[in-house]
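First up is the structure itself, then whatever we jot down about it.
The values are calculated or read from the model by the stated rules, or taken from the named source; none is laboratory data. Remember, it's a predicted structure, so these values are computed and weren't measured experimentally. Because the Cβ atoms are built from the backbone with ideal geometry, glycine has one as well, and the counts that use them run over all protein chains shown.
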Amino acid sequence: MTPLSNTPVNQQKLALLHQALQELLADTLRRGFHGTAGIEFCVQDGTIQFLRRRLERIEK
């Protein structure tokens with residue numbers, strides 16, 4: 001049996017997850033950024049359904 005992490009759908013979503021994380025890190029890990037960032041992913045029956053990316057900035 002193939003592990004669910006190796007299915008084509010999960011491989012595509014994992015690539016999106018890595019890309020989203022890199023973009024969030026690029027946006028937040030710099031001087032002047034104050035706030036929170038996060039990535040959430042929804043899984044149903046071992047398959048990643050969607051990703052949710054959050055970026056909240058605090059104005060000082």
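For (1) without any contact (Cβ under 8 Å) to a residue 12 or more places away in the chain; (2) in a helix (DSSP H, G or I); (3) out of contact with any strand residue (DSSP E or B) (no Cβ under 8 Å at 6 or more places or on another chain), each residue gets a yes or a no:
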position: 11; (1), (2), (3): yes, yes, yes
position: 14; (1), (2), (3): no, yes, no
position: 20; (1), (2), (3): no, yes, no
position: 26; (1), (2), (3): yes, yes, yes
position: 31; (1), (2), (3): yes, no, yes
position: 37; (1), (2), (3): no, no, no
position: 43; (1), (2), (3): yes, no, no
position: 52; (1), (2), (3): no, no, no
position: 56; (1), (2), (3): no, no, no
Subset of segment 9-60 (residues that are at pLDDT below 95 and hydroxyl-bearing (Ser, Thr, Tyr)): 47
Tell me, please, whether a residue that is surrounded by 12 or more Cβ atoms within 10 Å (Cβ to Cβ) and touching an Asp or Glu at 6+ places or on another chain (Cβ under 6 Å) can be found in segment 31-38. yes
Residue 38 vs. criteria among the small types (Gly, Ala, Ser) and more than 15 Å from the chain's Cα centre (by Cα): no
I'd like to verify a number: residues in segment 39-60 that are over 30 Å from residue 3 (Cβ atoms), charged (D, E, K, R) and surrounded by 10 or more Cβ atoms within 10 Å (Cβ to Cβ), how many? 1
With respect to the numbered conditions (1) in contact with a Phe, Trp or Tyr (Cβ under 6 Å, 6 or more places away or on another chain); (2) surrounded by 14 or more Cβ atoms within 10 Å (Cβ to Cβ), which one is the sole condition not fulfilled by residue 14? (1)
Matching residues in segment 36-60 (over 19 Å from residue 25 (Cα atoms) and hydroxyl-bearing (Ser, Thr, Tyr)) number 1
